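Q: I have a structure I would like to understand better, so I am pasting it below and will then ask my questions one at a time.
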Amino acid sequence: MKIIDYKSSDFKKEIKRIIERGDADISEIESSVKKIIQDVRSKGDDAVIEYTKRFDGISLNASELSIKKKEIKDAYSKTTKKNIETLQYAAERIKEFHKKQKFDSWSYEKDGITLGQVVRPLSCVGMYVPGGKASYPSTVLMNALPAKAAG
């Protein structure tokens, strides 16, 4: 994390840079992301396989998109006890944090009109976790556990 000292001669310039980075033109990125989402919605797993090849350089088939119990068991046997404990500790902290963000449904009536919010968790979610040159277990934890904490 870059620390910006308010006494520094560059302080105002740095703050301006931080504020203005939100003004960046992301239309090209947004267009690309929308296309990927559209492709995944229309082509399903075929699109995921295609984009995995394009972005990660890995060729997969549909049977490789979900992890089998044996693969999980094998991965555990190849991982040190310390790494497993570290990941479990991180997972508990992430779950605890995201459970506190969970919203409840609520409603009230005003002038004969019922107003409110219905909170309904999704029945299932899909995740894409890049494997590429480096794999990050934290990506799995930070994406899967908030979804699980939501219900």
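Q: Please specify each residue of segment 95-151 satisfying the condition of being of a type in the set (Lys, Arg) and within 20 Å of Leu60 (Cα to Cα).
A: Listed by number, the list holds a single entry, Lys133.
Q: Do we find that Gln101 is of a type in the set (S, T, N, Q) and touching a residue at least 12 places away in the same chain (Cβ under 8 Å) in this structure?
A: yes
Q: Please count how many residues of segment 127-147 are among the charged types (D, E, K, R) and farther than 18 Å from Lys53 by Cβ.
A: So the count comes out to 0.
Q: Then there's this: Please report, ordered by residue number, the helices (runs of 4 or more DSSP H) entirely within segment 44-151 with at least 3 residues that are surrounded by 13 or more Cβ atoms within 10 Å (Cβ to Cβ) and assigned by TED's automatic domain parsing to the domain that holds Ser32.
A: Fully inside segment 44-151 and qualifying: 45-56.
Q: Please give the number of the condition Ile4 fails out of (1) farther than 19 Å from Thr139 by Cα; (2) of a type outside the set (Asp, Glu); (3) within 20 Å of the chain's Cα centre (by Cα).
A: (3)
The values are calculated or read from the model by the stated rules, or taken from the named source; none is laboratory data. Computed from a predicted structure; not experimentally measured. Ideal geometry is used to build each Cβ from the backbone, glycine not excepted, and the neighbour counts take in all protein chains shown.
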